[in-house]
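Right, one structure below, let's go through it.
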Amino acid sequence: MKSFAFWLALCGFSFSASLAQAEGLFDKMLDRAIDSAERKTQNRINQRIDQTIDKGINKTEETMQCVATDQECLKRAKEEGKHIFIVNAPSASDSVKCIVTDTSCLKQSKAEGKKVEIVDEAELDTLRCAVSDGDCLKRAKSLGKKVEIVD
C-alpha cells in the first residue's frame, strides 16, 4: 500500500507540475497574442494616417486656387483638368491713393479711417471725376483710365 500511495503521490506531483507548465505556456501564448494584436492595430493606424496624408497631398496637387473674377485662372484650371478652389479677392488695403486736389477723396479716406497716399494722377488706375467736370473726364479718356463719378 505504501508503494501505491507513493505512485499516487508521484502522479499527483507530476500532474501538478504539468498544470503549472501548461498554465505558464498558456500565459506566454496569451501575451504573444496581445502583443501581436497591438502591433497590428498600430500598423493599421499608421497606414490610415499615411493614406489620409496622401489624399490631402493629391487633392492639393489637383486643385488650383482662383479668385472668382479671374477668368484666366479659371480657364487655365479647366484646361489642365484641375479642381478649382475659389478664394476671396484680396482684402482692401488700409490706405487710399488720392490726388492732392481731390478733397472728396481726402475726406472719404479720413471718414473711413484709412491712410492717405498722395500720388500723381498718372499713378491712379481710376480717376474720380464729377459729372460736370469735363476736363477731368477728357483727361481720363486720353490717359485710358477708368472713371469713378463722385457726385
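Yes or no, residue by residue, for (1) assigned to a loop (DSSP other than H, G, I, E, B); (2) at pLDDT below 85; (3) over 30 Å from Cys73 (Cβ atoms):
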{"residue": "Ala89", "(1), (2), (3)": "yes, yes, no"}
{"residue": "Thr101", "(1), (2), (3)": "yes, yes, yes"}
{"residue": "Ala111", "(1), (2), (3)": "no, no, yes"}
{"residue": "Ala122", "(1), (2), (3)": "no, yes, no"}
{"residue": "Leu127", "(1), (2), (3)": "no, yes, no"}
{"residue": "Asp135", "(1), (2), (3)": "no, no, yes"}
Point to revise | Output for the range 99-129, where each listed residue is surrounded by 12 or more Cβ atoms within 10 Å (Cβ to Cβ) and among the small types (Gly, Ala, Ser) | key: Ser104, Ser109
Practice item. Just one of (1) touching a Ser or Thr at 6+ places or on another chain (Cβ under 7 Å); (2) β-branched (Val, Ile, Thr); (3) exposed (fewer than 11 other Cβ atoms within 10 Å of the Cβ) trips up Thr52, so point out which. Key: (1)
Practice item. Note down all Cβ pairs under 8 Å where the first residue falls in the range 63-76 and is surrounded by 12 or more Cβ atoms within 10 Å (Cβ to Cβ), the second is modelled with pLDDT of 80 or more and part of a loop (DSSP other than H, G, I, E, B), and they're at least six residues apart or on different chains. Key: Thr63/Lys82; Met64/Glu80; Met64/Lys82
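The values are calculated or read from the model by the stated rules, or taken from the named source; none is laboratory data. Nothing here was measured: the structure is a model prediction, and the numbers come from that model. Using ideal geometry, Cβ is built from the backbone for each residue, glycine included, and neighbour counts are taken over all protein chains shown.
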